[in-house]
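Below: the structure, in structure tokens.
The numbers here are math on the coordinates, done by the rules we state, and not lab data. As the structure is a computational prediction, the values presented were derived from the model and not from experiment.
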Amino acid sequence: MSWRQRGSLWCWTPPQPRGLIEFIGGSYLAATPQISYRRLLEALARRGMAIHAWSYVPGFDHQAQANDAWRSFRQRRDPDQPPPLRLGHSLGCKLHLLAPDNGRGCSALAAMSFNNFSAERSVPLLAELGGALGVTSEFSPSPEETLRLIAKNYRQANNLLVRFKSDQLDQSPRLLQVLQNRSQDRSRLLERAGDHLTPASAGLRQNLLGGWADDPARQRELDQLANQLLQWWTSPDQTRS
């Protein structure tokens, strides 16, 4: 088995896959998800999951990028197979939540380290330049509009929000509140040790520094995370959409 690029997707297909994960990473780590998130995604693949990971460079129009990701996943998906698990990290969570099908095309969403900051908070230089030039720029939709759209349009009831305890960028509790205010919602929060880069750092270190830099303890953390994600997704009380 190995990674294969299919347009904007990086795909890993194990023999007789037990399901499909559609993954969107966060920030600039997502340009090479097969490298930046390699250890977590391959841990999921070893457990029988096919992986489709979207490669992109973040821009200001998050709705357009959410649409692009959704179309890429839909084109590669086998319509005869069960609905996938959507998995996101940081900005990737927001893009999944803004998918034009409003979550109807998946069985569940696992959102790690949900982040919904403003453009000026996410890109500090923007605030400095904006003030000097007398202009303002913001993501579309804005943080406030994003939460409003989720509350109004998002239809997927099965959501696992993963928060890492040392993550200073995580905004999962606010998202959980919005989701749980919907009728018949089954969203829940999982807290684990780690920080904002926990899902990505092992694969990134491995690629840049070689195998000696891949901390076995960090790999065990990612294996445990993979187990928890799949146990939640396949649990008997996890009602599929």
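If you build the Cα gyration tensor of segment 7-64 and take the root of 5 times each eigenvalue, what three semi-axes come out, in whole angstrom, biggest first?
Working: eigenvalues 104, 26, 14 Å².
They are 23, 11, 8 Å, listed largest first.
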*For segment 11-125, count the residues as N, evaluate 2.2 N^0.38 Å, and divide the Cα radius of gyration by that value, please.*
1.03
_Surface/4 estimate of mean projected area, convex hull on alpha-carbon atoms of segment 70-121, nm²_ = 3.9 nm²
*For N227 and S8, compute 0.36 nm times the residue count separating them, minus their Cα-Cα distance, and round to one decimal in nm.*
76.1 nm
_Amide H of G19 versus every other amide H placed in the peptide plane: which residues, excluding those fewer than 5 positions away on the same chain, fall under 5 Å?_
A50
*Per-residue HN-Hα couplings for segment 76-93 [Karplus 6.51, -1.76, 1.60; θ = phi - 60°; Hz; x = Gly/Pro]*: 8, 6, 7, x, 8, 8, x, x, x, 8, 8, 10, x, 10, 6, 4, x, 4
